[in-house]
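So the structure is just underneath, and the comments pick up after that.
The values are calculated or read from the model by the stated rules, or taken from the named source; none is laboratory data. Since this is a predicted model, take the numbers as computed values, not measurements. Don't worry about glycine lacking a Cβ; one is built from the backbone with ideal geometry, like all the others, and counts go over all protein chains shown. For accessibility, only protein heavy atoms count, side chains too; no ligands or nucleic acids. Shrake-Rupley method; radii C 1.70, N 1.55, O 1.52, S 1.80 Å.
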Amino acid sequence: MIYVLLVISFVLIIVGAMMLTDGSVAVAQKFKVPEFIVGLTIVAVGTSMPELTVSLVSAFAGKGDMAIGNVVGSNTFNTLLILGVCSIFSPLVFTKSNIRRDIPICVGVSLLLWIATADRLFGISDVDTINRVEGIILLLLYVATIIYSIRSGKKESAEDISDEAKMGWGKIAIFIVLGLAGLVYGGNMCLDSAIAIARAWGVSEAVIAVTIVAAGTSLPELASSLSAIVNKKPSLALGNIIGSNVANILLILGASASIKPLTMGGITQLDLGMVVGSAVVLMLSALMVGKR
């Protein structure tokens, strides 16, 4: 039964994220916001909404390792599995801005996560945690990253203003309200189911967070990336994953730690090393084989 509830929670979260994103994009279109900015902010955060929901619920419940494990597993899943699957169907295109700006930011943010959680290594504390101050710093860095990216891509978006949304204000309100409800209810159900599965299997909650929960909350990124490949826009798939990984660390863990300090628990330095390693592999791919 708990497995059925877990699947239902994933469906609620994903549908909720899609509805909230559609409603938010429609609002942006009503106000004539450039599509580039919509994609960079609303859509990127929208595909990361499942991770945000689960991590925030975990933070409120005092399950810091679930919050961190969800992001660690999701970022590794995004980079190694989703981009790997996408590249099987279509070669991924690395642009100059990817190599000079986007991927280095992803690597830097991954390193920052490792540093923020290495309290014992640096002799700061006996417990590895992301405290409230570090959470606020991560949030501020996310805002700075968004501003920098928007300014960098301003020329590309100058003439890219969407037509007015066909969705009416009433439908927009319904989509946003139902989307938020699905995310909140699904997030709570996902956390409860994951904890029950961990106890049934006799493993730590962190293991479930890094594997099953992370894979489930990464389904929107998988769907949107494969859709981009089908529509012959492989660069969009790459951009979606990079943007999602950055949002997962800076926005999601930043918001979660700002609410309540996150303790590593069962998450190990090896788990964090996989996040950094996957980002470095992506960078090496862009530098060494991207042009070929």
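Take the stretch 255-271 and flag every residue that is surrounded by fewer than 24 Cβ atoms within 10 Å (Cβ to Cβ), in a helix (DSSP H, G or I) and in contact with a helix residue (DSSP H, G or I) (Cβ under 8 Å, 6 or more places away or on another chain). Outline the logic, then answer.
Residues of the stretch 255-271 surrounded by fewer than 24 Cβ atoms within 10 Å (Cβ to Cβ): 255, 258-261, 263-266, 268-271.
Restricting the remaining residues to those that are in a helix (DSSP H, G or I) gives 255, 258-259, 269-271.
Passing the criteria: ALA255, SER258, ILE259, GLN269, ASP271.
Taken over the stretch 1-41, the residue count meeting the criterion of being surrounded by fewer than 21 Cβ atoms within 10 Å (Cβ to Cβ), of a type in the set (Val, Ile, Thr), modelled with pLDDT of 80 or more and within 24 Å of ASN248 (Cα to Cα) is 4.
Residue-wise test of (1) over 21 Å from VAL289 (Cβ atoms); (2) crowded, with 23+ Cβ neighbours inside 10 Å.
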site	(1), (2)
GLY69	yes, yes
LEU81	no, no
CYS86	no, no
SER90	no, no
VAL93	no, no
ILE103	no, yes
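May I ask you to say which residue of ILE105, ILE115, ILE88 is of a type in the set (A, V, I, L, M, F, W, C), under 28 Å from SER235 (Cα atoms), free of Cβ contacts under 8 Å to residues at least 40 places away in the same chain and in a helix (DSSP H, G or I)? None of the other options fit; the residue is ILE88.
Restricted to the stretch 191-240, the set of helices (runs of 4 or more DSSP H) holding at least 2 residues that are open to solvent by less than 10 Å² (accessible area, probe 1.4 Å) and in contact with a Gly (Cβ under 9 Å, 6 or more places away or on another chain) comprises 205-208, 214-217.
Of all the criteria given as (1) of a type in the set (Gly, Ala, Ser); (2) modelled with pLDDT of 85 or more; (3) buried (at least 18 other Cβ atoms within 10 Å of the Cβ), the one not satisfied by SER149 is (2).
Exactly one residue out of ALA228, ALA206 is over 16 Å from the mean Cα position of the chain (by Cα), modelled with pLDDT under 80 and closer than 25 Å to VAL281 by Cα, and it is ALA228.
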